[in-house]
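J.: Got a structure here, written out as structure tokens. Questions coming.
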Amino acid sequence: MLLTIDAGNTNTVFALYEGETRRGQWRISTDGQRTADEYAVWLTNLMALEGLKATDIDAAIMAIVVPQATFDLTRLCTKYFDAEPLIVGPALDLGIRIAIDKPEEVGADRLVNAVAAHKFFGGPAIVI
């Protein structure tokens, strides 16, 4: 199963996908001071309520706009799920062209939205 993590300024959303099927989704307030251990206790307990285990996860992808959360979310994936996360950013080949002067300034959340828009609606596209 794929663990997705979308760490926004207000909330961090965790979701588990088995192929195209979402098996679970949970939200927590984004806090750059939260540790990997705290995330693990919280998330694995919620997963257990859905009959899911840490060993069910075999891949992870993260879109993070709160840099302070990157280390501990990465550590969560590697230590508790044995999955080196793919981190979304402008250097990653997303299958779309980022047509702005400074692509390194585009947030991961906007990149993920653009990829989704392209998948569902084609391109070129503008996401608002």
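Nothing in this text is a laboratory measurement; each read-out follows from the coordinates by a stated rule. Note that the structure is a prediction, hence the values are computed from the model and not measured. Methodologically, a virtual Cβ is constructed for each residue, glycine included, from the backbone with ideal geometry; neighbour enumeration extends over all protein chains shown.
J.: Which ³J(HN,Hα) values in Hz, rounded to whole numbers, follow from the phi angles of segment 93-110 under the Karplus curve 6.51 cos²θ - 1.76 cosθ + 1.60, where θ = phi - 60° and Gly and Pro get x?
T.: Taking θ as phi minus 60°, the curve returns 6, 9, x, 10, 9, 9, 9, 9, 5, 10, x, 5, 8, 7, x, 4, 4, 6 Hz for segment 93-110.
J.: Just in segment 16-45: which GluC sites (Glu not before Pro) are loop by DSSP and have at most 13 other Cβ atoms within 10 Å?
T.: Of the GluC sites (Glu not before Pro), the ones in loops of segment 16-45 whose Cβ has at most 13 other Cβ atoms within 10 Å are Glu20.
J.: Oh, and also: Compute the relative contact order of the chain as a whole-number percentage, counting only Cα pairs closer than 8 Å that sit 6 or more residues apart in sequence.
T.: Reported relative contact order: 22 percent.
J.: Can you spot the lysines whose alpha carbon is less than 17 Å from Lys79's alpha carbon? Ignore those fewer than 8 places along the same chain.
T.: Cross-link targets: Lys53.
J.: What length, rounded to one decimal in nm, is gained on full extension from Asp109 through to Ala15, with 0.36 nm per residue of separation minus their alpha-carbon distance?
T.: Stretched fully, the Asp109-Ala15 segment lengthens by 32.3 nm.
J.: Non-local amide H neighbours of Ala83 (under 5 Å, H modeled in plane, Pro and chain starts lacking H): which ones?
T.: For Ala83, the qualifying residues are Thr78.
J.: Quick one: net charge of Ala60's neighbours, Cβ under 11 Å, K/R +1, D/E -1?
T.: For residues surrounding Ala60, the net value is -3.
J.: For the peptides 94-100, 114-120, what is the packing order when you average, over each peptide's residues, the other Cβ atoms within 10 Å and list the highest mean first?
T.: Result, highest mean Cβ count within 10 Å first: 114-120, 94-100.
J.: Please compute the length gained on full extension between Val41 and Asp101, using 0.36 nm multiplied by the number of residues separating them and subtracting their Cα-Cα distance.
T.: Length gained between Val41 and Asp101: 17.4 nm.
J.: Return one number: the angle in degrees, 0 to 90 and rounded to the nearest 10, between the long axis of the Cα atoms of helix 36-49 and the longest principal axis of the Cα atoms of the chain.
T.: Between helix and principal axis, roughly 80 degrees.
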